[in-house]
1. Given the criterion modelled with pLDDT of 95 or more, surrounded by 22 or more Cβ atoms within 10 Å (Cβ to Cβ) and not polar (S, T, N, Q), identify the matching residue among Ala80, Ala61, Ala25.
2. Where residues in the stretch 28-58 are at pLDDT 95 or above, touching a Gly at 6+ places or on another chain (Cβ under 7 Å) and under 26 Å from Phe137 (Cα atoms), which of them is surrounded by the fewest Cβ atoms within 10 Å (Cβ to Cβ)?
3. Go through the stretch 138-177 and give me each residue that's in a loop (DSSP other than H, G, I, E, B) and within 30 Å of Trp215 (Cα to Cα).
4. If the requirement is being closer than 23 Å to Gly222 by Cβ, surrounded by 16 or more Cβ atoms within 10 Å (Cβ to Cβ) and of a type outside the set (Val, Ile, Thr), which of these qualifies: Leu252, Leu281?
5. How many residues, within the stretch 251-306, are in a loop (DSSP other than H, G, I, E, B) and among the aliphatic types (A, V, I, L, M)?
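The values are calculated or read from the model by the stated rules, or taken from the named source; none is laboratory data. Bear in mind that the values here come from a model prediction, so they are computed numbers and not experimental data. Heads up, the Cβs are rebuilt from the backbone with ideal geometry, glycines too, and the neighbour counts pull from every protein chain shown.
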Amino acid sequence: MAVPKVIVVGGGVAGTSTALALREAGFHAEVFEAHASGGADAGAFLTVMRNGMAAFERIGAAGAVEAVSFPARAVALLDAEGRRLGHRPIEGPARSLTRAALYRALQELAVARGIPVHHGRRLAGATIGPDGVEAEFADGGRVSGHVLVGADGIHSRVRRLIDPEAPEPRYAGHHVVYGYTPGNPAGLDPDEYLMVRGSRAFTGVTVPGGDGRTWWFARINGGEPAVGLSPAQWRDLALRSCDGDATPAYALIAAAGPDIVGGDSFDIPTTPHWHNARMVLTGDAAHAAVPAAAQGASMAAEDAVALAEALREHGDPETAFAAYATRRRAETEETVAASARLGNP
């Protein structure tokens with residue numbers, strides 16, 4: 001019997017992790033990524049928490065992630081007056097890295113293990129047949145497989161193919177700006193994330209050892225999405241949100257380099273249908289969270305492990321998908337809800 005072929009739509013954390021997990025489980029996976037390289041938010045950074053690192057260990061990717069990341073060991077909290085409110089260790093191992101570095105590390109690992117990764121292939125549609133599924137791409141190409149995994153993010157095309165009535169992503173009421181400042185002008189402890197509960201924004205700063213820059217983000221409340229801003233405009237918005245606070249945030253943002261990316265936060269509290277007979281969702285396509293809980297990448301890696309295990313254990317795809325969704329739905333929805341609460345204290 002031929003090895004079942006899985007079409008993975010999306011080459012980000014969820015898609016590439018899923019392909020790696022499927023290969024470990026004995027499947028032939030092929031990744032199709034819409035973007036020519038990384039995603040639109042590849043300039044942002046993130047933290048992979050302990051549960052995510054455990055999942056990466058399960059699929060043999062922990063070493064690749066560690067090689068392009070830095071340990072996240074502790075977090076301290078300041079108020080708008082610069083008063084230190086608390087300090088706690090981060091349960092490890094936890095690692096901080098840019099999204100671009102994580103994409104690159106996982107895709108390079110996939111290619112090294114013989115998993116084809118195709119860029120510039122945007123999904124246009126998919127048709128389920130008696131023995132599998134055929135994906136159609138915007139360039140006119142078609143690919144057939146046993147099943148199709150939708151790992152195509154919060155604005156997932158696959159989610160709509162599974163359920164045309166699937167809910168739209170929900171605007172979470174804030175914007176997030178990421179940037180990088182040369183050196184360590186604030187004299188921060190490289191082993192510590194400094195979180196600042198400012199008067200108009202929540203900011204976080206860290207100095208990853210050996211990077212030579214201070215990494216920062218600003219989460220800013222906003223009644224409406226702020227679409228179409230330039231990097232300079234995102235920086236100015238972050239500056240205004242920190243002006244007047246007695247914390248390092250304003251000076252760090254003012255001294256930032258050109259690598260600034262901003263966006264509006266959206267989440268998906270619940271997705272009623274994660275799958276049909278031949279298609280299934282993973283990562284943000286199924287359960288997008290705002291970044292406050294730092295669990296997006298970790299949940300995606302855990303999805304990858306759970307889906308691969310379910311497909312290995314069950315011969316029928318729909319039975320496997322149901323088992324996977326049962327295992328993951330409650331936990332991920334709880335995390336999405338918890339992250340929303342953290343993002344709007």
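1. Matching residue, one of Ala80, Ala61, Ala25: Ala61.
2. Glu33
3. Ala151, Asp152, Gly153, Ile154, His155, Ser156, Pro169, listed by residue number.
4. Leu252
5. So the answer is 9.
So that you can scan it fast, the table gives a plain yes or no per residue for (1) free of Cβ contacts under 8 Å to residues at least 12 places away in the same chain; (2) more than 23 Å from Glu91 (Cβ to Cβ); (3) hydroxyl-bearing (Ser, Thr, Tyr):
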| site | (1), (2), (3) |
| --- | --- |
| Ala277 | no, yes, no |
| Asp284 | no, yes, no |
| Ala292 | no, no, no |
| Gly296 | no, no, no |
| Ala301 | no, no, no |
| Ala306 | no, no, no |
| Gly315 | yes, yes, no |
| Thr319 | yes, yes, yes |
